[in-house]
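Visitor: What follows is a structure written as structure tokens; I'll ask about it next.
The values are calculated or read from the model by the stated rules, or taken from the named source; none is laboratory data. Model, not experiment: these values are computed from the prediction. Here the Cβ is made from the backbone with ideal geometry for all residues, glycine too, and neighbour counts use every protein chain on show. The area values use the complete protein model at the heavy-atom level, side chains included, leaving out ligands, DNA and RNA. Shrake-Rupley method; radii C 1.70, N 1.55, O 1.52, S 1.80 Å.
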Amino acid sequence: MRLKNYERVANKFLKENYGLELRIPIFRNNRLRRAMGVYKTVTIDNTPCSIELSGQLLDYATEKVIDQVLKHELIHYALHVLGRPYKDGHPIFENELVKHNSITSTKKIGEYFLLECDFCGERWETKRKRAVTHTHEYRSRCCDSSISYIKNVYYNGERKI
């Protein structure tokens, strides 16, 4: 779905659940790595600024997961505009997430690299591309041994793809 479609979905969600209209843009941000979405405010006067969705989210996640992340950010926006507590962790905000079946914790989304300990064979995943391109500079946590790159692994927020 294109970002314009997400703005339509966002307006519908806000109108039906909070009686509000979305007055800020939704952007794609390819620099977001840990967070899948961000609700931004202007620092000086704390006014709503934008909602940004991770490029990894938009490229790899299922529509269901994208919808849940978008709802999470829209709930931040709606509660902020209504003058209610809108920060993660506050009980009012967390209750709204549950009420609207939104994401409450981070899911695995995007590209990961599968690595293996050369001594014992233990495997793990990382998002650090440098660990793949410079394996000679890294050691395993288990045996302090050299490591090998196995393959790329992809997640869509619900399962491995």
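Visitor: Determine if segment 117-138 includes at least one residue that is assigned to a helix (DSSP H, G or I) and under 23 Å from residue 61 (Cβ atoms). If you could, list the steps in order and put the result at the bottom.
Guide: Quick first cut of segment 117-138, residues assigned to a helix (DSSP H, G or I) only: 130-133, 135-137.
With under 23 Å from residue 61 (Cβ atoms) added as a condition, the list becomes 132.
Yes, segment 117-138 contains a residue that is assigned to a helix (DSSP H, G or I) and under 23 Å from residue 61 (Cβ atoms).
Visitor: Restricting to segment 9-48, and then to whatever is touching a residue at least 24 places away in the same chain (Cβ under 8 Å), assigned to a helix (DSSP H, G or I) and not polar (S, T, N, Q), can you tell me which residue is nearest to residue 83 (Cα to Cα)?
Guide: 18
Visitor: Please verify whether segment 97-109 includes one or more residues that are of a type in the set (Ser, Thr, Tyr) and assigned to a strand (DSSP E or B). Step through it out loud before you land on a result.
Guide: Initially, segment 97-109 is screened for residues of a type in the set (Ser, Thr, Tyr), giving 102, 104-106.
Next, only the ones that are assigned to a strand (DSSP E or B) stay: none.
No, the conditions are met nowhere in segment 97-109.
Visitor: Still on this structure, please answer the following. Evaluate segment 38-46: report whether one residue or more is open to solvent by less than 80 Å² (accessible area, probe 1.4 Å), closer than 12 Å to residue 103 by Cβ, in contact with a His (Cβ under 9 Å, 6 or more places away or on another chain) and not small (Gly, Ala, Ser).
Guide: Taking every residue of segment 38-46 in turn, none turns out to be open to solvent by less than 80 Å² (accessible area, probe 1.4 Å), closer than 12 Å to residue 103 by Cβ, in contact with a His (Cβ under 9 Å, 6 or more places away or on another chain) and not small (Gly, Ala, Ser).
Visitor: Here is a follow-up. Within segment 103-161, which residues are of a type in the set (Val, Ile, Thr), open to solvent by 60 Å² or more (accessible area, probe 1.4 Å) and out of contact with any strand residue (DSSP E or B) (no Cβ under 7 Å at 6 or more places or on another chain)?
Guide: Passing the criteria: 104, 106, 133.
Visitor: Look at segment 5-29 and say how many of its residues are closer than 13 Å to residue 51 by Cα and either aromatic (Phe, Trp, Tyr) or surrounded by fewer than 12 Cβ atoms within 10 Å (Cβ to Cβ) (or both).
Guide: 4
Visitor: Are any residues in segment 49-79 open to solvent by 20 Å² or more (accessible area, probe 1.4 Å) and assigned to a strand (DSSP E or B), and if so, which ones?
Guide: 49, 52
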